[in-house]
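*Asks:* Quick one: structure below, then a few questions.
The values are calculated or read from the model by the stated rules, or taken from the named source; none is laboratory data. This structure is a prediction, so every number in the text was calculated from the model and none was measured. Note: ideal-geometry Cβ built from the backbone for every residue, glycine included; neighbour counts use all protein chains shown. In case anyone asks, the SASA skips ligands and DNA or RNA and just uses the protein heavy atoms, side chains included. Shrake-Rupley method; radii C 1.70, N 1.55, O 1.52, S 1.80 Å.
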Amino acid sequence: MRFVETIKNIWTIEELRKRILVTLLLVLVYRLGCYVVLPGISPEDLDALSKFTNKSGLMQLLDMFSGGAFSQASIFALGIMPYITASIVIQLLGMVLPSFQKMQREGESGRQKLNQYTRYLTVLILLLQGPAYLVNLQVQVSAAGSTATMGFWTIVYLTVILAAGSMFIMWLGERITDRGIGNGISFIILVGIIARLPGALFYEFTSRMPGSTGSQGGLVMFIVEIILLFAVTIGAVLLVQGTRKVPVQYAKRIVGNRQYGGARQYIPLKVNAAGVMPIIFAQAIMFIPITLAGFGSQEGSSGFFAAFSDINGFWYNLVYFIMIVAFTYFYTAITVRPTQMAEDMKRNNGFIPGVKPGKKTAEYLDSIMSRITLPGSLFLGIVAILPAFARFFGISQNFSQFFGGTSLLILVGVVLDTLQQIESHLMMHHYDGLMKEGKIKGRTTGSAY
């Protein structure tokens, strides 16, 4: 079989084999750390916290991003989201501060400086989120019928442990990027999402079984849900891989006895050049009011914090949708630079038929990107809020998170990126790729997540 032959080819390439084994080892370390409970937390407290988390869609969302570490009161409970939030802030500063813009243009040295600032800001965010998580942990456990009392110094040293745990996750992600199969931070998030999928699928199946409490539609409804999930997944794949090809004609050049250029090529402009980053950015921003409100668990909360703590609410999903559209344009502007593309074409004697080289070419490419980014961003926003509609039609909280939204788009995007990395290694060593025809298209925007 072709699949078996491809696996043999992957195992034959020593470099690729080592990268996959290193990735699996680091993922194993991460998953083990998700079950290392904070000192002083009893099994009774964990049981109460787990029951409370299962009742709250918001707590399930936070738990999903941490791979279950949130409900386990683990040393990895804060997950990787503080680092994502810090990255957002640094990239926003790069848009408005000349000093940060200068570092972005300095190449590798500038990137290292920005990464260092991102780490410092991550530590600061962790020092703020750590006490908020611990205080909120006491409130949740008390609301669930148990007790968990923490003094000042207990909160201090547990905050240090939580901060160290998140920084260790960030280090694992960087090692996966350098020595594994790449996209380390995104891969860490992917592992956390996949870890929740089997349990959610099993719970949805048992809840649809005849005789279960609140079952509606039976197994027929479960099959319909699986078909719809498959259809949404195909739509997400098309969104990630969709491109608009722009023809580029290269002029003939004769050097010595050889002729260069003269052929027509195509620039593939992606409909969703930002990949899954708008989803991650928007989700990280939406966590801020939740954090300020003690993760929205206090009874009787009202107004702004109540509206943005209800992931099924109208205002939460509307703002979430608008932010995804805005971040799609923002991240596309960062990653796709028409001016640089036009200069590169002009330098290589290339031009778009019917368009003057230089400034006109840059304006033409920019107009095309604006037109194709609009439907891409709208579809991305619709897919992101689909879980709210799924919950409205009676699908369980756990399973609805995979009906689009952050889970599905990150899963599809990162899986395609990973397959593309493996495909490139196979093609480099003159083996057939993973697909019989064509190539796998992942996110080619150069994202570190």
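*Asks:* Could you give every pair whose Cβ atoms fall below 7 Å, whose first residue belongs to the stretch 335-353 and is part of a helix (DSSP H, G or I), and whose second residue is surrounded by fewer than 15 Cβ atoms within 10 Å (Cβ to Cβ) and at pLDDT below 80, counting only separations of at least 6 or pairs across chains?
*Replies:* Pairs found: THR335/GLY446.
*Asks:* Let me ask something additional. With respect to ILE226, determine if the residue is modelled with pLDDT of 80 or more and over 23 Å from GLN420 (Cβ atoms). It would help to see each step written out before you state the result.
*Replies:* Details: modelled with pLDDT of 80 or more: yes; over 23 Å from GLN420 (Cβ atoms): yes.
Yes; evaluated as a whole, the condition is true for this residue.
*Asks:* Next question, about the same structure. Select from the stretch 407-429 the residues that are open to solvent by 50 Å² or more (accessible area, probe 1.4 Å) and assigned to a helix (DSSP H, G or I) and write down the one among them that is farthest from GLY313 (Cα to Cα).
*Replies:* That would be MET428.
*Asks:* Step by step: first the residues of the stretch 346-363, then only those that are of a type in the set (A, V, I, L, M, F, W, C) and farther than 20 Å from ALA273 by Cα, then the one that is least open to solvent (accessible area, probe 1.4 Å). Which residue is that?
*Replies:* It comes out as ILE352.
*Asks:* Kindly check whether there is at least one residue in the stretch 202-215 that is of a type in the set (Gly, Ala, Ser) and open to solvent by 70 Å² or more (accessible area, probe 1.4 Å).
*Replies:* Kept after step one, since they are of a type in the set (Gly, Ala, Ser), are these residues of the stretch 202-215: 207, 211-212, 214-215.
After this cut, where a residue has to be open to solvent by 70 Å² or more (accessible area, probe 1.4 Å) as well, the list is 211.
So far as the stretch 202-215 goes, yes, one or more of its residues are of a type in the set (Gly, Ala, Ser) and open to solvent by 70 Å² or more (accessible area, probe 1.4 Å).
*Asks:* When you look at VAL139, is it assigned to a helix (DSSP H, G or I), of a type in the set (Val, Ile, Thr) and at pLDDT below 85, yes or no?
*Replies:* yes
*Asks:* Let me ask something else. Of all residues being closer than 28 Å to LEU386 by Cα and small (Gly, Ala, Ser) in the stretch 320-358, which is farthest from the chain's Cα centre (by Cα)? Just the residue, please.
*Replies:* ALA333
*Asks:* Does ARG17 meet the test of being modelled with pLDDT of 80 or more, open to solvent by less than 80 Å² (accessible area, probe 1.4 Å) and more than 24 Å from the chain's Cα centre (by Cα)?
*Replies:* For ARG17, the condition - modelled with pLDDT of 80 or more, open to solvent by less than 80 Å² (accessible area, probe 1.4 Å) and more than 24 Å from the chain's Cα centre (by Cα) - is met.
*Asks:* Could you grab me the full set of residues in the stretch 52-102 that are of a type in the set (A, V, I, L, M, F, W, C), at pLDDT 80 or above and more than 22 Å from GLY184 (Cβ to Cβ)?
*Replies:* Matches in the stretch 52-102: LEU93, LEU97, PHE100.
*Asks:* Just one of the numbered conditions (1) outside any helix (DSSP H, G or I); (2) at pLDDT 75 or above is not true of TYR316; which one?
*Replies:* (1)
*Asks:* Taking ILE194, is it open to solvent by 60 Å² or more (accessible area, probe 1.4 Å), farther than 17 Å from VAL412 by Cβ, assigned to a helix (DSSP H, G or I) and modelled with pLDDT of 80 or more?
*Replies:* no
*Asks:* Select from the stretch 124-140 the residues that are in contact with a Leu (Cβ under 7 Å, 6 or more places away or on another chain) and farther than 13 Å from LEU158 by Cα and list them in ascending order.
*Replies:* GLN140
*Asks:* Quick one: in the stretch 147-190, which of the residues that are under 18 Å from the mean Cα position of the chain (by Cα) and aromatic (Phe, Trp, Tyr) is surrounded by the fewest Cβ atoms within 10 Å (Cβ to Cβ)?
*Replies:* TRP171
*Asks:* Residues in the stretch 389-406: is at least one open to solvent by 60 Å² or more (accessible area, probe 1.4 Å) and modelled with pLDDT of 85 or more?
*Replies:* no
*Asks:* Next up: So GLN72 ticks every box in (1) in a helix (DSSP H, G or I); (2) open to solvent by 40 Å² or more (accessible area, probe 1.4 Å) but one. Which box is left unticked?
*Replies:* (1)
*Asks:* Can TYR250 be described as at pLDDT 80 or above and open to solvent by 40 Å² or more (accessible area, probe 1.4 Å)?
*Replies:* In short, no.
*Asks:* Now a separate question. Collect the residues in the stretch 377-388 that are under 17 Å from the mean Cα position of the chain (by Cα) and buried (at least 17 other Cβ atoms within 10 Å of the Cβ), keeping them in residue-number order. I'd like the intermediate steps shown before the answer.
*Replies:* Just the residues of the stretch 377-388 that are under 17 Å from the mean Cα position of the chain (by Cα), to begin with: 377, 379-387.
Within the stretch 377-388, SER377, PHE379, LEU380, GLY381, VAL383, ALA384, ILE385, LEU386, PRO387 meet the criteria.
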